[in-house]
Every structure is written in C-alpha cells, then in structure tokens.
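What follows draws every value from the coordinates through simple rules; no lab data is involved. Worth saying up front: this structure is predicted, and the values here are computed from it rather than measured. Here Cβ is always computed from backbone atoms with ideal geometry, including for glycine, and neighbour counts include all displayed protein chains.
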Amino acid sequence: MTERKPPGVSFESFVDRQIRQAGERGDFAELPGFGKPLASLDAPYDELWWVKGKLHREGFAVLPPALALRKEAEDVREALQTARTERQVRALLTEINDKIREALRRPPPGPPLNLKEFDVEAELTQWRESRESRDSVGPAGS
C-alpha cells in the first residue's frame, strides 16, 4: 500500500520519490516485457487497443462462420504435412469433411463458403508421396 502524500510536499516530487525508491528496491526488475521496446509505440492510437489485445491473448477470432471454416480447412491442409500416420490423416480429413458437409447442407451466414469436401483417398495418396520423397532424401548431411 502506498503512503499518503505528506502536506507541504508537491505531488510530483512525492510520486518521483516513490518511483525512485521502488526502482532501488528492484520492484520493476521482474516485470513482463522488462528491457523490451513497447510493441505499439509507433502504431496510431486505437481506443479499443486493450479489447483487441485481450481477444488476441485469449485466441478469440471474430470471423464469419464461413470464413472461419475456410481458415480451419487451410489449417487442416497444413496439419496434413506434419501428420505421422495414415490414421491421423484420415481423422483430420473426416473431421473437416463433416464440418464442410454440414455447412453445405445449411449454409452459414456471411460470405459464400467456396469449399468442397476433401477427397480423402487423393489426399492420402499425396501424403504418402510427399512422405516417400522426404524419406528418400534422408536427414540433412547424409
């Protein structure tokens, strides 16, 4: 708890003294971001900066359902590259295909979906080929 400003002492010198004493005690040494530049220092002022920051930290995205599903389909395509087994590939494709099928059956509000279901067998063939070509190259330096 901070102490009360003594009578007769100017407010500025009172605050400056408290900041100086806190710095001497090391109260500012362990703050997050200590020693790093402010990320938004050169950005134009945005009165909702804290709301946008909170949404970003919480991983919340405000996208129309159709765009969110398109993004999810792109993420699945990237995840296929790192899948280790055919079972994982099939699971990823089955899950996104179920969502796409539902969205095609009942189109979500917003922009057009512009998606079609993934061809599981074609994607598996492509996954196998990319895996074989990676395995034939071998680890770097071989």
Under a point spin-label approximation (7 Å from Cα along Cα-to-Cβ), what is the ALA122-GLN88 distance to one decimal in nm? 2.4 nm
Got a sec to turn the phi values of region 18-34 into Karplus ³J(HN,Hα) couplings, 6.51 cos²θ - 1.76 cosθ + 1.60 with θ = phi - 60°, whole Hz, x for Gly and Pro? 5, 5, 4, 5, 5, x, 5, 6, x, 5, 9, 5, 9, 6, x, x, 4
Degrees, to the nearest 10: 65-82 long Cα axis against longest axis of the chain: 70 degrees
Take the Cβ-Cβ distance between LYS52 and GLU78 as r, set R0 to 25 Å, and report the resulting FRET efficiency rounded to the nearest 0.05. 0.50
Scalar couplings 3J(HN,Hα) for region 97-108 by Karplus 6.51 cos²θ - 1.76 cosθ + 1.60 (θ = phi - 60°), nearest whole Hz, x for Gly and Pro, are 5, 4, 5, 5, 4, 5, 5, 6, 5, 10, x, x
About the Cα centre of the chain, what is the dipole size in debye to 20, counting +1 per Lys and Arg Cβ and -1 per Asp and Glu Cβ, all else neutral? 280 debye
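Given the rule -39500 (n - 2.57) for each run of at least 4 DSSP H residues, summed and divided by the residues of the chain, what is its mean residue ellipticity at 222 nm, to the nearest 500 deg cm²/dmol?
Result for the chain, helices only: -19000 deg cm²/dmol.
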SER130 paired with LEU104, simple spin-label distance in nm, labels 7 Å along Cα-to-beta-carbon: 2.2 nm
Taking +1 at the Cβ of each Lys and Arg and -1 at the Cβ of each Asp and Glu, which of GLY26, ALA103, TYR45 sits farthest along the dipole of region 18-116 towards its positive end, judged by Cα position relative to the Cα centre? ALA103
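Taking K and R as +1 and D and E as -1, what net charge do the other residues with C-beta under 12 Å from the C-beta of PHE60 add up to?
+2
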Given that just one value was derived from the coordinates, which of (i) 26.6, 85; (ii) 15.5, 59; (iii) 27.2, 82 is Rg and Dmax of the Cα atoms in Å? (iii)
